[in-house]
Amino acid sequence: MVFERGESGFEVSRLRGLVNWPDDRFALFLKNGPHRTISGSLYDNNIFDSSSARLGKLIADFFKSNPSRNSISKSEAKAKLMPEVNENLFSEILLATIKEPLHMIGQEISLSNQAIQKSQTEIWVERELLREMFSPPTLSELRKIPAFSRNLRETEAAISKMIAEKIIIKSVDDLFFHKKAVVKAYLIMKALIEKDGSAKLAQYRDEVGTTRKYAQAMLELLDALGLTRRVGETRVLGYKTLDIGGK
């Protein structure tokens, strides 16, 4: 059977009404046919693969046209790049598209080889946040460092840009972690959880050599990103995954 409805798909319920097949034959067709089922509709594999390739090119073109951006959110990508595709289908196409050099952390899509123009102040801010990446200074403390306090206007501009680009990610109050710290923290928690089935805050704290305050702030951030989930006094893996290549 051949059907083509492009990126709009073909409703399974409608197709069932068009064919006079026994249930077992129809079920076998759904399972083994040259298509995939997404939210009750069938999509031809060739069209799906073509859509995935198209999205990959659109994302690459977006970064090329926006050299100061190092990430784009899933919702922004859909609205700007594939507004005609329904949400469920877009999620599946995006999942198939995320491979080197594309990476995804939470809802943010990034290009690993994207060349980003950084100011000297941004470089200094990154250096300070990565010096003790699991126990970074708060933004208030950062602003008091002489190198930054002498030119607060440039410092504020650099911080705002890094927040907008998800280079630094807010946890609690004015505590922000660099995205590299978030990736490493997730990988550490993932290893702890996979070893014992769950992990406690104290295990993570001791593993990275930080205080309870910073450990709790990081784990709450991982929870908020959907990478981990709190269950009582322990944490398990969340409903989202992190592409290790994005580190």
query = Pro136 is checked against (1) part of a helix (DSSP H, G or I); (2) farther than 23 Å from Leu111 by Cα and fails just one. What number does that condition carry?
reply = (1)
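Go through Val208, Val183, Val236 for me and flag whichever is of a type in the set (Val, Ile, Thr) and loosely packed, with under 15 Cβ neighbours inside 10 Å. Write out each step before concluding.
On the way: Val208 fails: loosely packed, with under 15 Cβ neighbours inside 10 Å; Val183 fails: loosely packed, with under 15 Cβ neighbours inside 10 Å.
Exactly one residue qualifies, and that residue is Val236.
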inquiry  = Tell me which helices (runs of 4 or more DSSP H) are completely within segment 151-247 and hold 3 or more residues being among the β-branched types (Val, Ile, Thr) and within 25 Å of Glu141 (Cβ to Cβ), or say none if there are none.
reply    = 152-164, 179-196
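Would you mention how many residues in segment 88-105 are more than 12 Å from Leu55 (Cβ to Cβ) and either surrounded by fewer than 18 Cβ atoms within 10 Å (Cβ to Cβ) or aromatic (Phe, Trp, Tyr) (or both)? Quick ask: steps written out before the conclusion?
First, pick out the residues of segment 88-105 that are more than 12 Å from Leu55 (Cβ to Cβ): 88, 100-101, 103-105.
Checking which are either surrounded by fewer than 18 Cβ atoms within 10 Å (Cβ to Cβ) or aromatic (Phe, Trp, Tyr) (or both) leaves us with 88, 100-101.
Residues meeting the conditions: 3.
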ask   = Among (1) buried (at least 17 other Cβ atoms within 10 Å of the Cβ); (2) touching a strand residue (DSSP E or B) at 6+ places or on another chain (Cβ under 7 Å); (3) more than 30 Å from Val208 (Cα to Cα), where does Val85 come up short?
value = (2)
message = Looking only at strands (runs of 3 or more DSSP E) that lie completely in segment 38-108, which have at least 1 residues being out of contact with any Asp or Glu (no Cβ under 6 Å at 6 or more places or on another chain) and modelled with pLDDT of 85 or more?
response = 71-73
note = With the first residue restricted to segment 71-95 and required to be more than 26 Å from Ile169 (Cβ to Cβ), and the second required to be part of a loop (DSSP other than H, G, I, E, B) and among the hydroxyl-bearing types (Ser, Thr, Tyr), Cβ contacts under 9 Å at 6 or more apart or on different chains are Asn86/Ser39; Asn88/Ser39; Leu89/Ser39; Glu92/Ser39
inquiry  = Take the conditions touching a Ser or Thr at 6+ places or on another chain (Cβ under 9 Å), surrounded by fewer than 16 Cβ atoms within 10 Å (Cβ to Cβ) and within 30 Å of Leu111 (Cβ to Cβ) and apply them to Glu194. Does it pass?
reply    = no
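The values are calculated or read from the model by the stated rules, or taken from the named source; none is laboratory data. These numbers come from a predicted model, not from an experiment. In this analysis, Cβ positions are derived from the backbone assuming ideal geometry, glycine residues included, and neighbour counts consider all displayed protein chains.
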